[in-house]
1. Within the group Arg112, Arg146, which residue is among the charged types (D, E, K, R) and free of Cβ contacts under 8 Å to residues at least 24 places away in the same chain?
2. Could you tell me whether Arg112 is of a type in the set (D, E, K, R) and either touching a helix residue (DSSP H, G or I) at 6+ places or on another chain (Cβ under 8 Å) or closer than 19 Å to Val59 by Cβ (or both)?
3. Cβ-Cβ distance below 7 Å, separation of 6 or more or different chains: which pairs start in the stretch 117-128 with a residue that is within 15 Å of Ala139 (Cβ to Cβ) and of a type in the set (A, V, I, L, M, F, W, C) and end on one that is at pLDDT 90 or above and part of a helix (DSSP H, G or I)?
4. Give the residue that is farthest from Phe39 (Cα to Cα), with candidates limited to residues of the stretch 118-141 that are of a type in the set (A, V, I, L, M) and within 16 Å of the chain's Cα centre (by Cα).
5. What number of residues within the stretch 84-100 satisfy the criterion of being modelled with pLDDT of 95 or more and touching a Ser or Thr at 6+ places or on another chain (Cβ under 9 Å)?
6. Only residues that are modelled with pLDDT of 95 or more, among the hydrophobic types (A, V, I, L, M, F, W, C) and either surrounded by 14 or more Cβ atoms within 10 Å (Cβ to Cβ) or part of a helix (DSSP H, G or I) (or both): list them for the stretch 110-142, please.
7. Among the listed residues Ser48, Ser17, Ser71, Ser67, which satisfies the condition of being of a type in the set (Ser, Thr, Tyr), touching a Gly at 6+ places or on another chain (Cβ under 8 Å) and farther than 17 Å from Tyr115 by Cα?
8. Given (1) within 21 Å of Ser9 (Cβ to Cβ); (2) crowded, with 20+ Cβ neighbours inside 10 Å, where does Gly80 come up short, assuming only one miss?
Amino acid sequence: MNAIRPGHSGDYEAIVSLLERDGLPVADCLPEPPVELRFFVAEDPVESRLAGCIGLQHVGEVGLVRSFVVSPDHRNRGIGAQLLEALHAHARRTGMSQLYLLTTTASAFFARHGYRAIPRETAPAAIRASTEFSSLCPASAVLMTRSL
């Protein structure tokens, strides 16, 4: 079973590698990111490597779920759901009541976990101003939200 834990600076290279392999943006995922970005990782104890990651960016009073990936050889084992639940628990502890995300490929997964698609123009100003929304994700990405 994979261990889900908060990411730390020693995970940086593995996180970037996972994201790049899946074609996800890494421009603002520097070791000291310019935004408040918290990662959670799934660690494969047998192979001693990361099997997946998910990021939570604090954007004003809400959170932006981002940088979510599970390596192809670890998919369909519930790791994505475990990562998402760890992120939700952290968001609740920090007082967030609403989460947003942009996705081009995983809207069905997120819908199964309580997210719903909304028009991009209804995003809060803080989300629209994020680099993820304004430049890193394509305009075709679906905006989804969930209350906690």
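1. Details: Arg146 fails: free of Cβ contacts under 8 Å to residues at least 24 places away in the same chain.
The conditions single out Arg112.
2. Working: of a type in the set (D, E, K, R): yes; either touching a helix residue (DSSP H, G or I) at 6+ places or on another chain (Cβ under 8 Å) or closer than 19 Å to Val59 by Cβ (or both): no.
When the stated conditions are applied, Arg112 does not pass them.
3. Ala117/Ser107
4. Initially, the stretch 118-141 is screened for residues of a type in the set (A, V, I, L, M), giving 118, 123, 125-127, 129, 136, 139, 141.
In the following step, the residues that additionally are within 16 Å of the chain's Cα centre (by Cα) were identified as 127, 136, 141.
Values: Ile127: 18, Leu136: 18, Ala141: 21 Å.
Of everything passing the filter in the stretch 118-141, Ala141 is farthest from Phe39 (Cα to Cα).
5. Selection size over the stretch 84-100: 4.
6. Matches in the stretch 110-142: Phe110, Ala111.
7. None of the other options fit; the residue is Ser71.
8. (1)
The values are calculated or read from the model by the stated rules, or taken from the named source; none is laboratory data. Worth saying up front: this structure is predicted, and the values here are computed from it rather than measured. For neighbour counting, all protein chains shown are included, and Cβ atoms are generated from backbone atoms with ideal geometry for every residue, glycine included.
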